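Peer 1: Here it is: the structure, laid out below.
Readers should treat all values here as calculations from the given coordinates under stated rules, not as data from a laboratory. Quantities reported herein were computed from a predicted structural model and do not represent experimental measurements. We place every Cβ from the backbone using ideal geometry, glycine too, and count neighbours over all the protein chains shown.
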Amino acid sequence: MLLKDNGERVIPEKMDITNELLIEHLARYHFSVPHIYGRTLDFATGVGYGAHVIAKKCKYELEEIIGVDINSKAIQYAKANYYHPLSDFKVADVTDPTLPDHLGAFDVIISFETIEHIEAEDQFMDNIYHLLKPGGTLILSTPFGEGKGKPCGSPFHVHQMTETEFVSMFDQFPKKKFFYQRGALIEPMEGSQMEHKPLGIVIAYK
């Protein structure tokens with residue numbers, strides 16, 4: 001199957017092992033492993049490699065992992081290349097307000113490098129909140145930039161929010177932890193000595 005790289009799509013089989021984008025994306029999935037349990041959703045899963053990492057690394061903690069993406073060819077690729085008995089892949093729009101009715105509730109939702117691509121980010125966050133069980137865990141990442149409504153360097157992004165805007169996105173969650181990521185390195189925001197802080201990650205508990 002021919003699946004074209006859109007400039008940001010990570011397809012491990014088509015990338016060099018030293019590719020920084022691949023390393024960065026894989027690091028987030030491995031970072032999430034200790035927090036995975038029960039029924040898990042990979043929201044905007046792409047070609048499914050990350051859901052496969054979770055299925056293999058967390059097979060004793062998982063009930064199932066569902067990978068959702070709007071791109072039907074990406075989902076076909078995931079089904080063909082990343083089969084695991086604990087995983088399933090579905091074509092769906094992450095901003096579809098009926099998703100909670102169709103997918104049910106999850107113990108954990110992971111969504112990496114998604115929100116910066118979304119025009120309807122309020123609906124996206126509303127979907128996440130309603131898809132997440134009480135007490136459930138959200139792990140989400142995004143690159144930092146000039147702020148909402150401002151042009152950014154990527155033609156694939158609606159905008160890139162500031163660190164302050166990112167932190168404020170999770171006010172409805174009673175408990176959360178924030179992290180910086182640079183390449184494979186991920187460290188807590190509090191007390192960070194990281195000079196360049198291009199990416200943010202949150203672990204939020206409903």
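Peer 1: Measuring from label point to label point, each 7 Å out along Cα→Cβ, what is the Glu146 to Tyr205 span in nm?
Peer 2: Reported label-point gap for Glu146 and Tyr205 is 3.9 nm.
Peer 1: Please check: in the Gaussian network model of the chain (C-alpha springs, under 10 Å), which one of Ala55, Ala78, Ala184 has the largest mean-square fluctuation.
Peer 2: Comparing Ala55, Ala78, Ala184 in a Gaussian network model of the chain, the most mobile one is Ala184.
Peer 1: If the convex hull of the alpha-carbon atoms of the stretch 128-192 is projected onto planes in all directions, what is the mean projected area in square nanometres?
Peer 2: Approximately 5.8 nm², given one-decimal rounding.
Peer 1: If you don't mind, another one. Full-extension gain between Gln123 and Tyr83, please, as 0.36 nm times their residue separation minus the C-alpha to C-alpha distance.
Peer 2: Extending this stretch completely gives an extra 11.4 nm.
Peer 1: Where Lys and Arg each count +1 and Asp and Glu each count -1, what net charge lies around Ser111 among other residues with Cβ under 13 Å from its Cβ?
Peer 2: My count for the surroundings of Ser111 gives -4.
Peer 1: So, in nm, how far is label Asp16 from label Thr98 when the simple model puts each one 7 Å beyond its Cα toward the Cβ?
Peer 2: If labels sit at Asp16 and Thr98, their model points lie 4.6 nm apart.
Peer 1: Please list, in order along the stretch 117-130, the HN-Hα scalar couplings obtained from phi with the Karplus expression 6.51 cos²θ - 1.76 cosθ + 1.60 (θ = phi - 60°), rounded to whole Hz, x for Gly and Pro.
Peer 2: 8, 9, 5, 8, 5, 5, 5, 4, 5, 5, 4, 4, 4, 7
Peer 1: Identify the chymotrypsin sites (Phe, Trp or Tyr not before Pro) of the stretch 49-96 meeting these criteria: DSSP loop state and at most 10 other C-beta atoms within 10 Å of the C-beta. It would help to have the intermediate numbers written out before the result.
Peer 2: On the way: sites: Tyr49, Tyr60, Tyr77, Tyr82, Tyr83, Phe89; in loops: Tyr60, Tyr82, Tyr83.
For chymotrypsin sites (Phe, Trp or Tyr not before Pro) across the stretch 49-96 that sit outside H, G, I, E and B with at most 10 neighbouring Cβ atoms in 10 Å, the list reads Tyr60.
Peer 1: Which stretch or stretches of the stretch 150-169 have amide N atoms under 16 Å from the point lying 7 Å from Lys197's Cα along the Cα→Cβ direction?
Peer 2: What the label zone holds, given the 16 Å backbone N cut-off, is 161-169.
Peer 1: Taking amide H positions as placed in the peptide plane 1.01 Å from N, state which residues far from Ala105 in sequence (5 or more) or on other chains have amide H under 5 Å from it.
Peer 2: Under 5 Å from the amide H of Ala105 lies no amide H from a residue far enough along the sequence or on another chain.
Peer 1: Also, quick follow-up: Taking loop as defined by DSSP and a crowding limit of 15 other beta carbons within 10 Å, which GluC sites (Glu not before Pro) in the stretch 165-206 fit?
Peer 2: Those that pass, being in a loop and sparsely packed, are Glu190, Glu195.
Peer 1: Please enumerate, by chain and number, the lysines with C-alpha under 18 Å from the C-alpha of Lys176, excluding those fewer than 8 residues away in the same chain.
Peer 2: Once the sequence-local lysines are set aside, what remains near Lys176 is Lys133, Lys206.
Peer 1: Follow-up. Roughly what would the spin-label model give for Ser72 and Thr164, points 7 Å off Cα along C-beta, in nm?
Peer 2: 4.5
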